[in-house]
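The numbers here are math on the coordinates, done by the rules we state, and not lab data. Note that this is a predicted model, so its numbers are computed, not measured. Cβ sites come from the backbone with ideal geometry, for glycine too, and all protein chains shown count toward neighbours.
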Amino acid sequence: TKDLGATYLVEGSVQESSGTLRVSLHLVRSDRSVAWGDIIEGKFDAIFDLQSKLALALTNALVVRVSASELERINAQPTSSPQALSAYWQGKALLERADVKGNVDEAVSAFEQAAKLDPKFALAHTGLAEAYRQKYLDVRDPIWAQQAIDEATNALGLDPNRAEVRYVLGLTLAGAGRLDEASAELYRALALQPNY
């Protein structure tokens, strides 16, 4: 946390067994001591209720006052499909290890599945854009750069007020050499979420 200039770092883990999720969340000080922790359990089908409970618990732990609009944004669900959300998370986990052979292609499949389950799930399209961008970085075939831009643009049409959507669009545009447009999108991401 010192390196990041942060007072606290949020750490967490998720365990799943027979359709039940156990989410552990901790606020960690810069000296690595735990300032607060909580564990919440619930059924996978009620993942959005768990998310709201965790956000509220963390907000209370930080003794943060949030406006009604900020609370609404915190509790906003990116998709109504738990299965689409699960496929999205799988894709994100695979992309975190893009260095492992086959992971990028599997991430593409996971994000495609998420988008198929919920075509209006902007983050699924954003994930697909990230995966296509990684494929472009791996093979330098311009078709992947264009597909990345196309998916990021799709995500923008679905959710123009989500910082992550603007950020990924900015990265894909930068990779294609469209630096002015990329810069504008990155500034928009920061305007939406200054600490992004």
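Summary of values
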item	result
At most 16 other Cβ within 10 Å, DSSP loop - trypsin sites (Lys or Arg not before Pro), segment 11-57	Arg32
Cα centroid separation, segment 166-196 to segment 114-141 (Å)	16 Å
Segment 106-196: trypsin sites (Lys or Arg not before Pro) falling in loop per DSSP and having at most 12 other Cβ within 10 Å	Arg140
Residues of type lysines that Lys135 reaches as a straight line, Cα spacing below 26 Å, ignoring anything fewer than 8 places off in the same chain	Lys92, Lys101, Lys116, Lys120
Stretch gain in nm, segment Arg97-Ala174, where the contour uses 0.36 nm per residue and the Cα spacing is subtracted	25.5 nm
Highest-MSF residue in the chain out of Ala57, Ala145, Ala124 [GNM, Cα springs under 10 Å]	Ala57
GNM top mover of Ser18, Ser86, Ser52 - the chain, alpha-carbon springs below 10 Å	Ser18
